[in-house]
1. Looking at (1) at pLDDT below 95; (2) surrounded by fewer than 19 Cβ atoms within 10 Å (Cβ to Cβ); (3) touching a strand residue (DSSP E or B) at 6+ places or on another chain (Cβ under 8 Å), which is the only condition LEU333 fails?
2. Is there any pair linking a residue in the range 355-375 that is within 16 Å of the ligand (Cβ to nearest atom) to one that is among the aromatic types (Phe, Trp, Tyr), with Cβ under 8 Å and at least six apart or on different chains, and which?
3. Identify, by number, the condition in (1) open to solvent by 50 Å² or more (accessible area, probe 1.4 Å); (2) of a type outside the set (S, T, N, Q); (3) touching a Lys or Arg at 6+ places or on another chain (Cβ under 8 Å) that LYS84 doesn't meet.
4. Considering only residues that are aliphatic (A, V, I, L, M) and not in a loop (DSSP other than H, G, I, E, B), look in the range 236-268 and name the one that is most open to solvent (accessible area, probe 1.4 Å).
5. Can you spot a residue in the range 66-77 that is more than 30 Å from ASN390 (Cα to Cα), open to solvent by 50 Å² or more (accessible area, probe 1.4 Å) and part of a helix (DSSP H, G or I)?
6. Considering only residues that are among the acidic types (Asp, Glu) and closer than 21 Å to GLN231 by Cα, which ones fall in the range 143-183?
7. How many residues, within the range 297-313, are open to solvent by 30 Å² or more (accessible area, probe 1.4 Å), touching a residue at least 24 places away in the same chain (Cβ under 8 Å) and either more than 25 Å from the chain's Cα centre (by Cα) or under 14 Å from HIS271 (Cβ atoms) (or both)?
8. Could you check the range 392-427 and list, in sequence order, the residues that are part of a loop (DSSP other than H, G, I, E, B) and open to solvent by less than 40 Å² (accessible area, probe 1.4 Å)?
Amino acid sequence: MTRTEAQTLLKANGQEHVLAFWDTLDAAAQERLLAQIATLDFAAIGRMQAMLKEAGTPAAAAGAFEPAPVEEPEGDALAAYVAKGEELLRGGKVAVLLVAGGQGSRLGYEGPKGAYPIGPVTDRPLFWFHARKILGLDLTYGTHVPFYIMTSETNDAATRAHFEENDYFGLPREDVFFFVQGMWPALDPEGKIILDRPDHIFMSPDGHGGTLAALERSGALADMARRGIEQVFYFQVDNPMVAIADPSFVGLHAAKGADMTLKVCKKREAHESLGVVVVRDGHCAMVEYSELSDEQMERTMPDGSLWLAYGSPAIHMFSYAFLKAEAERNMPLHLAHKKIAHVDAAGNVVKPEKPNGYKFEKFIFDVMPNAKTLLTLAFDRTQEFSPVKNAEGNDSPATTKRDLQAKWRGWLTQAGIALPEGVPVEIDPAYALDAAQLKAKGLLIG
Ligand code: UTP
């Protein structure tokens, strides 16, 4: 892109101020700024500006809704779903998609969150647990499950280097596909792009909803098509307990021809910060915990259980066809009023005391109302969910390590192996993906 092309584009979109400091920049800085301008999606910026105009009107309330029905298959039905899932895994029809582009600000860890050491005995990182589960699937089903990992500009190089240094945790390199999520500018209240340096536009990640566009843009969807992928398991980087592409989940979703299936678990308490899956106006949707009133969160059923008993930890199945169709649509935007460092008229960097601009994000669950068939499957959180979100307290490394230990001890007990209290345990998922596999192998070592 040349300066003249940039000028024309910016002028047409009312953003000429982006070149305000052009004459003060050296050639390298000018090049960098032009490269950044070339990445701007002015159609999306137009949608952001339209949204800002409406921001004065109160946000729509969650409205009237009912909790979505929850599937809890047992016995023969469950066995049939497991068989279906296993068939798809064996046939190489299942891919795994990890979103790891977030900034992990609550945990406050330098580096990609996936590199955070969580192994209670070995300090192995979150990525190790995820990758070894995929290797476990490869070994169990004699297949190659491709692993698609979404990073962001801020952690892409470090994430790739981490996999390189660890020899891809034993996975074949050709089955690991990194792709980078989009970045967006922030806007001031007048809809102007914010410069955080004279030669730089402030940009932030476009949210986990950016996954769809990034899958398309990066060629990941084309790669899935080439491999004949039919179903995609989606999860977040912070939960080392997750059961990756477990056959019952894959099988239920595929057997019922669902576009999307979400795993849901019983909330720890009424106010736990998990979104809930609801039916509203005949469509399924996610209502975030921040949108729920105290009354809605605390309402109980005649048997004393919570009305909104289940929460979503963002563990999903998508059909490939649904992902592909959704990648071609515009997703809704969500805006957040934030403090954003910016330059003043003289080019000096100002750190604001109050929110001065708007960041925009897309959320993956906004595809839900477009699903023709959407299901939820209940799971046992003691086996599958304990995320590392905070540095301390709930959902912190300490609680995750505690929960991992409790789960593995339970597996060992089921395998007939009694461990004295206090002895730390860690099980390589490539050795045993679940209690049954451990029991089969545990008999050899026990
Ligand atoms: P969270 O909302 O928990 O955010 O992301 P986070 O960035 O990990 O942590 P905080 O909020 O800054 O403390 C949930 C999942 O979505 C991914 C994260 O990497 C995590 O796996 N994510 C989030 C993205 O991939 N991109 C984003 O833009 C945002």
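1. LEU333 satisfies every listed condition except (2).
2. Pairs that qualify, where the first residue is within 16 Å of the ligand (Cβ to nearest atom) and the partner is among the aromatic types (Phe, Trp, Tyr), are LYS359/TRP184; PHE360/TRP184; ILE364/TYR234; VAL367/PHE322.
3. Evaluating LYS84 over (1) open to solvent by 50 Å² or more (accessible area, probe 1.4 Å); (2) of a type outside the set (S, T, N, Q); (3) touching a Lys or Arg at 6+ places or on another chain (Cβ under 8 Å) leaves (3) as the failure.
4. Per the stated criteria, the residue is ALA255.
5. yes
6. Hits for the range 143-183 are GLU174, ASP175.
7. Qualifying residue count for the region: 3.
8. ASP395, SER396, ALA415, ILE417, VAL425, ILE427
The values are calculated or read from the model by the stated rules, or taken from the named source; none is laboratory data. Being a predicted model, the structure only gives us computed values, none of them experimental. So basically every Cβ, Gly included, is an ideal-geometry build from the backbone, and we count neighbours across all protein chains shown. Ligands, DNA and RNA are stripped out before the accessible areas are found, and what is left, the full protein with its side chains, is counted by its heavy atoms. Shrake-Rupley method; radii C 1.70, N 1.55, O 1.52, S 1.80 Å.
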